[in-house]
Amino acid sequence: MNSKVTPQVWFFLLASLMVACTFESTTFQQREDNLIGGLSFGMSREDFYAHCMSQQRLGNMKDGLGNYVQQELPVHYIDSFSRIEYFPRFDENSKIVALPGRVYSLSWSPWSQNLSPDSLLPKVIEYFEDELTGSPFELVIDAPIETYVKTDHNRRIVVRSSFEQFVNFEFEDLTQASEEVRTGQDLLTTKETVSPIFQVKKNAE
C-alpha cells in the first residue's frame, strides 16, 4: 500500500490548519455577547424572565404565540404592522447560548409580494445592522434558500428567507455551538429556526 502524501494533500492540510488557527485566535479570544431586546449571551434564565417582565411593564415586550417574546418592529423598516418574535436557547447551566426567532408582517397574504419573506429579508438585515455593531451581512452563495450571515468574534447571526411568511433568524454563540455551526456547514441546508418550546406546544395542539 502506497501511503505517500501528495503535495496537494499537504497544501490542503496546511491551509486547513491555518484557517483553524486564525479562527481560534481571532474569534474566540474576543467576545461580542449583545443580542436584541436587551438580551445577551450568558444571561441566566432567571435574569431573562425578570428582564422580560420589566420590559412588559414598560410596554416594550409582549407574550407571543408559543411562549415567544414579541416586539413590534419599528414602522420605518417595513411599511406595515410587523412583529419580531424570539425565545432563547439555554445550556445545561441555564445560560443563553442561542436566540432563534422570526419576523413577519401582520398584513401578509399569499398575494402580497411586497410583504413576502424575500421582500422583508433586506429590511430585517437593515434592522439588525442598525441595532448591532460589527461586520455587515454577507450572502451565503451555496445555501438552498436565500441566507445571509454576519459573524463578530463569537457571535454569529444567520438570517434566512422561508417558504412561508416568516424571515427566520438565529444568533449563535460559536464557543457553545456544534462543529457543524462553527464550520458553517449548517448554512448549506434548509433549516427552520423555530424555538423548541414553540415546536412542543404546536405539536400538542
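The values are calculated or read from the model by the stated rules, or taken from the named source; none is laboratory data. Remember, it's a predicted structure, so these values are computed and weren't measured experimentally. Using ideal geometry, Cβ is built from the backbone for each residue, glycine included, and neighbour counts are taken over all protein chains shown.
Miscellaneous remarks
- Applying the condition of being under 21 Å from Thr147 (Cα atoms) and at pLDDT 85 or above to region 98-114 and asking which residue is farthest from the chain's Cα centre (by Cα) yields Ser105.
- Checking each residue in region 8-67 for being of a type in the set (Gly, Ala, Ser), in a helix (DSSP H, G or I) and at pLDDT 95 or above picks out Ala50, Ser54.
- Note on region 94-116: among residues that are touching a residue at least 40 places away in the same chain (Cβ under 8 Å) and aliphatic (A, V, I, L, M), the one that is nearest to Met43 (Cα to Cα) is Ile96.
- Residue satisfying all of: in region 105-149; part of a loop (DSSP other than H, G, I, E, B) and among the aliphatic types (A, V, I, L, M); surrounded by the most Cβ atoms within 10 Å (Cβ to Cβ) among these: Ala143
Table: residues versus (1) surrounded by fewer than 20 Cβ atoms within 10 Å (Cβ to Cβ); (2) out of contact with any Phe, Trp or Tyr (no Cβ under 9 Å at 6 or more places or on another chain); (3) closer than 20 Å to Asp91 by Cα; (4) at pLDDT 95 or above.
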| site | (1), (2), (3), (4) |
| --- | --- |
| Arg156 | no, no, yes, yes |
| Glu164 | yes, no, no, no |
| Glu180 | yes, yes, yes, no |
| Leu188 | yes, yes, no, no |
| Pro196 | yes, no, yes, no |
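- Residues of region 79-104 that are of a type in the set (D, E, K, R), part of a loop (DSSP other than H, G, I, E, B) and closer than 17 Å to Gln165 by Cβ: Asp79 alone.
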